[in-house]
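Reading through the structure tokens given below for one structure.
The values are calculated or read from the model by the stated rules, or taken from the named source; none is laboratory data. From a predicted model like this one, the values you see are computed outputs, not experimental measurements. Here the Cβ positions follow ideal geometry from the backbone for every residue, glycine too, while neighbour counts run over all protein chains shown.
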Amino acid sequence: MSDKKYRGLIVEGHNDLMAAIERLPDAAFYAPPLYEDSGWTVADVLAHIATWQEAMLDALDCLVAGREPFILSKAFKIGVDAFNAHKVTANKGRPLGSIMIELGQRYREVLRMVALFSLEDLETPGRWPWLGENQTLVGLIAENDWVHKREHAGQIRVWRRQNDLGEAEVVQSEATDLLGEFSLALVRYEGEHRRFINMVVALPEKHRQGLLLNGEWSCLEIVFFLTALTEEALAGFAAGKPTDLERDREAFRKQVAAARTGMSWADALIAFQDAHARLVTVADALTAQDVESDPRYLAWIDGLSADLALHAGQLEAAAGAGS
């Protein structure tokens, strides 16, 4: 229930913020200021949003562990205005790309975290004593996520009109829904990747090449195969031209294995992790228009998730039989 009820609000809030800054020239993120009184720019506000999402994520971790939230406690102790001023000053001059990457990372982390809580955890007043007797966890999340993003998105739209920077493009509902679907698919992909990596890292050395999955493929060959698929997705995404996912899998596996003959287990895992991290970074930067323009973006992420799940299951079965 929480997955459907609140994840949708998280996706909509993020999409609203992204729509508010769509097609804004890079220079405009730094001048003129969004708020005359404080001098905050649009870039400052985006970093400010990421800061409070970080604080909220820290609070969720701490509350589950039975600890007092560290960042929020610090913010409340020195005062929210002072905390905001300190953080904005610390983030001054950050490259826009760095801020956008952090926003994307925090967005996906929030999606993942909310899925871990039941509706009772989210909606019961007083369930988490640190929040107060009448406060709910979903109230904390809303205040620091979709409500916060929509508040600033509205202010950015007004600022654009006042400074002749064009009307903020409103993403069409179909595109918004598709971007939300893509975002959730990316979260699933990261989860399947973590599951697979945790399994192969723990694999005894004797099983790394000798253990056959599906009767034919060694675990090392599977890592080669998944790395090559990830690299192909990365190249297509980076070029704005994703390729077709369909292929002769057996021929592709043999081709990949031959090309990587002699690669060590450690080097293979490093290459796999590197390709994954770079793909997530590129995928995070895709807009609703990108995702809508070519269904292969979503097909690739879903396909990689399916492959990771398939081979993790095969590995689990083969390791159990071979132990």
Return the residues of the stretch 15-53 that are surrounded by 18 or more Cβ atoms within 10 Å (Cβ to Cβ) and in contact with an Asp or Glu (Cβ under 8 Å, 6 or more places away or on another chain); say none if nothing qualifies.
A19, L34, A47, A50, Q53
When you look at A266, is it over 28 Å from the mean Cα position of the chain (by Cα) and either in the same structural domain as F182 (by TED's automatic domain parsing) or within 21 Å of Q314 (Cα to Cα) (or both), yes or no?
no
Of these, A168, A228, which one is surrounded by 15 or more Cβ atoms within 10 Å (Cβ to Cβ) and at pLDDT below 85?
A168
Residues located in the stretch 171-225, provided they are loosely packed, with under 13 Cβ neighbours inside 10 Å, under 28 Å from the mean Cα position of the chain (by Cα) and at pLDDT below 75:
S173, E174
Out of the residues in the stretch 1-42 that are part of a loop (DSSP other than H, G, I, E, B) and of a type in the set (S, T, N, Q), state the one that is farthest from the chain's Cα centre (by Cα).
S38
I'm trying to understand the selection: among the residues of the stretch 268-282, which are closer than 26 Å to C219 by Cβ and in contact (Cβ under 8 Å) with a residue 40 or more places away in the chain?
A268, L269, A271, F272, Q273, A275, H276, R278, L279, V280
Kindly indicate whether any position in the stretch 236-244 is over 25 Å from D16 (Cα atoms), in contact with a Gly (Cβ under 6 Å, 6 or more places away or on another chain) and surrounded by fewer than 18 Cβ atoms within 10 Å (Cβ to Cβ).
yes
State all residues of the stretch 252-289 that are closer than 20 Å to V11 by Cβ, surrounded by fewer than 18 Cβ atoms within 10 Å (Cβ to Cβ) and not small (G, A, S); if no residue qualifies, say none.
T281, V282, D284, T287, Q289
Hey, L57 hits all of (1) more than 19 Å from the chain's Cα centre (by Cα); (2) within 19 Å of L140 (Cβ to Cβ) but one; which does it fall short on?
(1)
Could you list, in sequence order, all residues of the stretch 23-47 that are in contact (Cβ under 8 Å) with a residue 60 or more places away in the chain and in contact with a Lys or Arg (Cβ under 8 Å, 6 or more places away or on another chain)?
L24
If you go through the stretch 142-153 one residue at a time, do you hit one that is among the aromatic types (F, W, Y) and surrounded by 19 or more Cβ atoms within 10 Å (Cβ to Cβ)?
yes
Can you name the residue in the stretch 54-73 that is not charged (D, E, K, R) and not in a helix (DSSP H, G or I) and, of all such residues, is surrounded by the most Cβ atoms within 10 Å (Cβ to Cβ)?
P69
Could you go through the stretch 86-93 and let me know if any residue there is among the small types (G, A, S), out of contact with any helix residue (DSSP H, G or I) (no Cβ under 6 Å at 6 or more places or on another chain), surrounded by fewer than 18 Cβ atoms within 10 Å (Cβ to Cβ) and within 25 Å of V280 (Cα to Cα).
yes
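To keep it simple, each residue is scored yes or no on (1) under 20 Å from V80 (Cβ atoms); (2) of a type in the set (G, A, S).
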| position | (1), (2) |
| --- | --- |
| G8 | no, yes |
| H14 | no, no |
| P25 | no, no |
| P32 | no, no |
| S38 | yes, yes |
| L46 | yes, no |
| W52 | yes, no |
